[in-house]
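The values are calculated or read from the model by the stated rules, or taken from the named source; none is laboratory data. Because the structure is a prediction, the values reported are computed rather than measured. With ideal geometry, Cβ positions are generated from the backbone for all residues, glycine too; neighbour counts draw on all protein chains shown. These accessible areas exclude ligands, DNA and RNA; they are computed on the full protein's heavy atoms, side chains included. Shrake-Rupley method; radii C 1.70, N 1.55, O 1.52, S 1.80 Å.
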Amino acid sequence: MSALTVDGVSKSFGATPVLDDIHVDVEAGELVSLLGPSGCGKTTTLNVVAGFLPADAGRVLLAGKDVTAVPPYRRDTAVVFQNYALFPHLRVRDNVAYGLRARKLPATEVTERVQEALTLMDIAGLADRYPGQLSGGQQQRVAVARAVAVRPRVLLMDEPLSNLDAKLRQEIRLELRALQQRLDQAVLFVTHDQEEALSISDRIAVLNGGRVEQVGSPAEVFERPRTVFVADFMGVENIFPGEVVDGSYRTADGLELPVPSAGPADHVGIRPSAVRLAPAGEPSIGRHPAKITGRVYLGDSVRYHLALEPAGIAVVAEQPRSAGTSWQPDDGVLASFAAEDLLPLRAL
Ligand code: ATP
């Protein structure tokens, strides 16, 4: 039985549909991310699961029990909000105790669980401070401690790391993942950051315009995106509509590519890192003459913007900095695309 089942949830605000038949499961001990751009419905989904918003259609099940009509405070969930939502007038220990007291746990158990959660989050030394006396990272820890202390069936996290600077975000991300695995805690995790979703999740549900477009492990979603939207969101920057003609894939711009090895497709995609570049003088069979139109130095790698000749089709290529040749704008190169690197995609 899943810890959480979101079963066909739809939701409109006025005449605007925001969620359209959302299905997502979170198994016990699993961390599932809802990933998508701003406005795709991630927070709304979370709010429906938490019971803050009623769904127009569909059901929410916690451990198999239909809680669609159950108010938030009686659902077996706890939420970590993006802005932490700590009570400013309560000390850290009382913030963490809040949900336990609301659940009418005996005082001794409240004390024990608060201590345990503070220790778990490595903030026992801050127990008597007020939120205003904490750094952003420390407040974030208190918010997680407060949610973890209630030992919810499902922990709901809405962009919990987005107010932290990049370095801290990466550190706490790893820590959260370790904690989640140690506690065997089911988590529904909202983020718009693909790298964050890839690094923290057991599975990722990619949302687009209120619909789930693909659900899979990080490797599945990254390496085998099925739709143009998911591929684009996962950094597949070169995407061409087209069709198979006479044993090759002909794009709408007239580019001839190998036929992607898997499945029918109305688009093909290729990652910048999979575009192969060679010096203009080399044999050109199966390669496309191109001109470098731009170069961006990224430290570990260099990105090249290319125009394929003769039509000027734009392609982005990325090469490790250590790769033999480095090119400059206006240099001629040969670009090639291997069948195994071409991703078959559907527009949906
Ligand atoms: P973000 O990452 O920007 O928070 P999101 O994916 O979490 O985006 P939601 O907050 O779920 O997106 O919002 C989805 C859509 O619903 C947006 O277009 C938003 O403007 C709209 N929306 C959200 N809440 C309301 C509301 N209370 N009334 C009307 N429209 C709303």
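Quick notes
- Check on residue 225, touching a Leu at 6+ places or on another chain (Cβ under 7 Å), closer than 23 Å to residue 38 by Cα and open to solvent by less than 50 Å² (accessible area, probe 1.4 Å): yes
- A count restricted to region 141-196 and to residues that are more than 16 Å from the ligand (Cβ to nearest atom) and in contact with a strand residue (DSSP E or B) (Cβ under 6 Å, 6 or more places away or on another chain) stands at 12.
- Identity of the residue in region 295-322, among the aliphatic types (A, V, I, L, M) and free of Cβ contacts under 8 Å to residues at least 24 places away in the same chain, that ends up farthest from residue 250 (Cα to Cα): 298
- Residue within region 73-80 that is in the same structural domain as residue 29 (by the TED database) and within 16 Å of the ligand (Cβ to nearest atom) present: yes
- Residues that are open to solvent by less than 50 Å² (accessible area, probe 1.4 Å) and either hydroxyl-bearing (Ser, Thr, Tyr) or in a loop (DSSP other than H, G, I, E, B) (or both) within region 62-89 comprise 63, 64, 67, 70, 71, 75, 77, 84, 85, 86, listed in sequence order.
- In region 233-348, counting only strands (runs of 3 or more DSSP E) that sit wholly within it, the ones holding 2 or more residues that are surrounded by fewer than 12 Cβ atoms within 10 Å (Cβ to Cβ) span 288-297.
- Residues in region 22-42 that are within 15 Å of the ligand (Cβ to nearest atom) and either without any contact (Cβ under 8 Å) to a residue 40 or more places away in the chain or open to solvent by 60 Å² or more (accessible area, probe 1.4 Å) (or both): 38, 39.
- Among the residues making up region 213-222, those that are open to solvent by 40 Å² or more (accessible area, probe 1.4 Å) and touching a helix residue (DSSP H, G or I) at 6+ places or on another chain (Cβ under 9 Å) are 215, 219, 222.
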